[in-house]
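Values quoted throughout were computed directly from the atomic coordinates according to the rules given, and no laboratory measurement underlies them. What you see is a predicted model, and the numbers here were worked out from it, not measured in a lab. With ideal geometry, Cβ positions are generated from the backbone for all residues, glycine too; neighbour counts draw on all protein chains shown.
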Amino acid sequence: MTWLNDTLQGIFVGGGYALTAVGLSLMFGVMRLVNLAHGDLAVCATYLVTSMMAALGVPFLAALLLMLPLAFAAGAVLQLALFDRALRTGPLAPLLVTFGLSIMIQNLLQQTYSANVRGVPAGSIDVSAAHLGGLVLPGLSVLKLALALVVIGGLSAALRFTGWGRRVRATSDDVAIARLQGIRVRPLFATVTGIAIAAAALAGTLGAVTTGVYPTLGTLTLIFAFEAVVIGGLGSLWGTLLGGILIGVTQVLVSQVSVPYATLASQLLFLLVLVVRPEGLFGTGEAAGQATGAEA
Amino acid sequence: MTTLTVAGLDAGYRDFQALFGVSLDLAEGETVALIGANGAGKSTLLMTIAGALRPWRGRITLDGLDIAGLPDHHRARLGIAIVPEGRRLFPSLTAEENILVPTTGRGGPWSLDALYDLFPMVAARRSHRAGLLSGGEQQAVAIARALAANPRVLLMDEVSLGLAPAVVDGFYRLLPRIQQSGVCILLVEQDIDRALAASDRALCLLEGRVVMAGDSAGLDRDRLISAYFGAPSAPRSSATKTGPAPVPPDKPVPPGKPVPPGKRVPPARPVPPADPEVPR
């Protein structure tokens, strides 16, 4: 029963990873853009939530809901002002631009908030939990997994069934021809990045309730999210969910034996997938081929 | 009433100029065939009109509005649609999704039902991924996708490329139904006889210049073939009289499209005499 409960906790942890990673997966799938500042933007949002709670005196969930449209807008503005230009100049520029953005954000946060770990007081949802037989259902973890399912499910459905999704997929297939069909690519990409950053901001803030937040947290966030995307298969949203869950389950199970080896175990899982199935579990090989083709 | 006017158009790719002072106009409901060898600049002209390429010089007007400086998505909304060379469908979308992609906000006769009525073979394969369809089916989807925008001007680039003659015949039999919808068509076609039969007027491009133009029914076929190959006896455009020496257009030939010997664009020649057949 302990093992079953550990696996369940691992799935919950993985849901958080997947919710962070889904934006990374979406941006890579649609624009072939690897956003190295993804985790740092999530950390920014977390600090914003703590600042709003302090300044406006609003509770955690209210501040979280207020932050989401701002995160969407920040993503859209970044896309229009920065990433679009970077994408136009070739495959190397987006990596450099987002890496530079990551460094700038980390240093700005250190200047503003100091390097100390800061708690995110979430009130009752932090400590609430339900018990079902021998299983523990922590309220926050259940919320994160549920949000991951809702966001990934909603995004998949929107991409599959809406006109917006059709335009996104068409543009991902062939940008030049999509333009000739009357599609305005810049605003379309801005919505994609807005959604990606908002999802990361949501995941990062909920995750920081458990771990606390510090300026360099984004790097760690990015690594786990990146591994979830690669394990699941580049550009596949459901694959990203599975990748996140596999990482989470591995970490929690190994940490029952030895806590220091938990992170190492997830890295080994990542390497194993790269060796055995480099295109990822749900990858077609097509996206990976396009990625390397774009870099050639 | 002139729908589309191109005047003095220069265009190309980076260092290579592919079009030299090209002028043409399309009247309401008219079909004009664009004839020329590989590398003559036909596809470049279509892509420049559609907006995928920026013109270097010259004017493009649609219903009197200068569109040469407008971005491609804007031109699509104003009513320019293209069936690109090699079809270029969105391979991961289904046939129907491809047809639903154009977002021009233009109303008109070409609803999804009307397009399925025109191309029953597309209706039968509507939920298949475009990348998995046969060449003929893909071409039908590409034409349907362009018509779905309910365009004023339809640019059709080598619809017959790589298709069986019977399939091509099928497309050309449907052309009158497309013409009846009031759209004007600029048609690129390698097969001269087919191009002349399907069009009201024809233009011949050689090395990026219009070297011959006239009513399709009245064009002298031998002279047209000479113009097509750039044979020494062919009359040539006066457009080059004051311009620089002709530069052979360097557009790469797409794979799977062999160039018959003798169809290659010949190297630069001396400045030719004026041609009375080219409208100035």
Chain A: D in µm²/s via Stokes-Einstein (Kirkwood Rh, Cα pairs, 25 °C, 0.890 mPa s)? 126 µm²/s
Computed Kirkwood radius, in angstrom, where 1/r is averaged over Cα pairs of segment A:224-284: 11.2 Å
Out of A:ILE183, A:ILE11, A:ILE231, any idea which swings most in a Gaussian network model of chain A, alpha carbons joined below 10 Å? A:ILE183
Within 10 Å of each Cβ of A:164-177, how many other protein chain Cβ atoms are there on average? 5
Quickly work out the A:ALA176-to-B:ASP66 label distance, labels modelled 7 Å from Cα along the C-beta direction, and quote it in nm with one decimal. 2.7 nm
Only helices counted: for chain A, with every DSSP H run of 4 or more residues adding -39500 (n - 2.57) and the sum spread over all residues, [θ] at 222 nm is -26000 deg cm²/dmol
Please give the length that would be gained between B:LEU132 and B:ASP220 if that part of the chain were fully extended, namely 0.36 nm times their separation in residues minus their C-alpha to C-alpha distance (nm, one decimal). 27.4 nm
If amide H atoms are built 1.01 Å from N in the plane of the peptide, which residues on other chains or at least 5 residues away come under 5 Å of the amide H of B:ILE185? B:GLU30, B:THR31, B:VAL32, B:LEU154
Quick one: if you stick a label point 7 Å off each Cα along the C-beta vector at A:LEU95 and A:THR211, how many nm between them? 2.4 nm
Roughly how crowded by other chains is peptide B:41-51, in terms of the mean Cβ count from those chains within 10 Å of each of its Cβ atoms? 1
Rounded to the nearest 10 degrees, what's the angle between the helix A:38-56 long axis and the longest principal axis of chain A, both from Cα atoms, 0 to 90? 60 degrees
Cβ charges +1 (Lys, Arg) and -1 (Asp, Glu), total dipole of chain A, debye: 680 debye
If packing is taken as the mean number of other Cβ atoms within 10 Å per residue, what is the order of A:2-8, A:173-179, highest first? A:173-179, A:2-8
Distance in nm between B:TRP56 and B:ASP117 label points, each 7 Å along Cα→Cβ, equals 4.7 nm
Binned Cα-Cα distances of segment B:1-130, short to long, each 10 Å bin given as a whole percent: 11, 36, 33, 19, 2
Per the rule of 0.36 nm per residue minus the C-alpha distance, extending A:SER156 to A:LEU220 adds in nm 20.4 nm
Sorted by packing (mean other beta-carbon atoms within 10 Å per residue), highest first, where do B:24-32, B:202-210 land? B:202-210, B:24-32
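Magnitude of the Cβ-charge dipole of the protein assembly as shown, K/R +1 and D/E -1, about the Cα centre, nearest 20 debye?
460 debye
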Take chain A, connect every pair of alpha-carbon atoms lying under 10 Å apart with a spring to form a Gaussian network, then pick out the residue of A:SER258, A:SER102, A:SER25 with the largest mean-square fluctuation. A:SER258
Around A:LEU237, with a cut-off of 13 angstrom between Cβ atoms, what is the net charge of the other residues, counting Lys and Arg +1 and Asp and Glu -1? +2
Once amide H atoms are placed 1.01 Å from N in the peptide plane, what residues at a sequence separation of 5 or more from B:ALA18, or on another chain, have their amide H within under 5 Å of its amide H? B:ALA11, B:GLY12, B:TYR13
Ranked by GNM mean-square fluctuation in chain A (Cα springs under 10 Å), the top entry among A:ALA146, A:ALA228, A:ALA81 is A:ALA81
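Give me the Kirkwood hydrodynamic radius of segment A:78-132 in Å, from all C-alpha pairs, to one decimal place?
After inverting the mean inverse Cα-Cα distance, the result is 14.7 Å.
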Chain A: relative contact order as a whole-number percent, Cα under 8 Å and 6+ apart: 38 percent
Ranked output for segments B:90-96, B:220-226, B:16-22 by mean other Cβ atoms within 10 Å, highest leading, reads B:16-22, B:90-96, B:220-226
Write down the radius of gyration of the protein assembly as shown and its Dmax, each obtained from C-alpha positions, in Å. 29.2, 96
A:VAL276-A:ASN116 FRET efficiency (beta carbon distance; Förster radius 41 Å; 0.05 resolution): 0.50
